[in-house]
Amino acid sequence: MEMIKTIEMRKSTRSYKSEQISDESLTVILNAGCAAPVGMGAYDSVHITVIQNSDLLDKITKVTANTFGNPAMKPFYGAPTLIVISSKINEQVPTVGVANAACIIENMTLAATDMSLGSVYLWAFISSFSADNELLKELGLPEGFTPLSGIAIGYPVEALDKAKKSKHTININMIK
């Protein structure tokens with residue numbers, strides 16, 4: 001698939017089939033994430049955790065639903081794979097970790113789209129980890145790492161090629 005077509009097809013998927021993605025697809029997605037730019041080349045300041053264990057995904061869902069006071073909340077929209085991006089917090093540039101996570105996740109969403117997989121960038125559910133230290137421990141993060149955001153991935157209920165992707169909606173100011 002051509003890059004621009006992949007970019008145009010990418011959308012946030014909020015309804016997934018229960019079928020797990022293949023190990024081959026996961027490898028491609030993770031390699032795309034690892035190819036993302038990271039501020040100051042500090043690749044050792046980011047960590048990727050892949051969660052495909054349905055019991056742990058259910059636990060995260062329950063903790064998130066309780067944290068937000070919404071028992072019906074499905075933060076991963078039924079996706080069978082959750083990838084959490086964590087970072088060491090840089091005291092001099094505290095937002096670099098969030099920027100790094102965004103770059104990593106964008107690469108992963110594009111790789112997923114290229115394979116006709118759905119994905120959605122997730123951020124708000126991260127607060128559930130600070131609400132439950134046991135849950136945070138289950139991620140098995142290296143010392144000093146904090147979860148910053150995530151991406152849910154799976155087979156979309158609605159095919160991506162049927163998605164009505166609009167042209168850009170960002171205002172652009174051209175100065176020549």
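Just so it is clear, none of the values below were taken in a lab; they were calculated from the coordinates. If you're wondering where the values come from, they're calculated on a predicted model, not measured in any experiment. As a convention, Cβ positions derive from the backbone with ideal geometry for all residues, glycine included, and neighbour counts pool all protein chains shown.
Listed values, structure above:
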read-out: Calculated from backbone phi, Karplus (6.51, -1.76, 1.60) coupling profile of segment 82-89 in Hz, x at Gly/Pro; value: 10, 10, 9, 9, 10, 8, 6, 7
read-out: Whole-number percent relative contact order across segment 3-162, with pairs defined as alpha carbons under 8 Å at least 6 apart; value: 38
read-out: Cleavage-rule hits, trypsin sites (Lys or Arg not before Pro), segment 1-99, DSSP coil, Cβ neighbours within 10 Å at most 15; value: Lys17
read-out: Helical contribution to [θ] at 222 nm, DSSP H n ≥ 4, -39,500 (n - 2.57), averaged over the chain, rounded to 500; value: -10500 deg cm²/dmol
read-out: GNM flexibility winner over the chain from Val38, Val93, Val120 (Cα, springs under 10 Å); value: Val93
read-out: Cα lying deepest toward the dipole's positive end in segment 3-162, options Ser87, Ser22, Ile151, charges on Cβ; value: Ile151
read-out: All-pairs Cα distance distribution in the chain, expressed in whole percent, bin size 10 Å; value: 10, 36, 36, 17, 2, 0
read-out: Longest DSSP-loop-exposure-free segment, chymotrypsin sites (Phe, Trp or Tyr not before Pro), the chain, at most 16 other Cβ within 10 Å; value: 1-67
read-out: Whether segment 2-98 is rounded, prolate or oblate, judged on the alpha carbon gyration tensor where a/c under 1.5 counts as rounded; value: oblate
read-out: Farthest positive-ward along segment 3-162 dipole, Cα basis, beta-carbon charges - from Gly39, Phe68, Ser127; value: Phe68
read-out: With at most 10 other Cβ atoms within 10 Å, longest stretch of the chain clear of loop GluC sites (Glu not before Pro) (DSSP); value: 20-90
read-out: Extent along principal axes [Cα atoms of segment 58-155; Å; largest to smallest]; value: 38, 32, 21
read-out: DSSP H segments from the chain that extend 18 Å or more along their own axis, Cα-based, with Kyte-Doolittle mean of 0.5 or above; value: 96-114
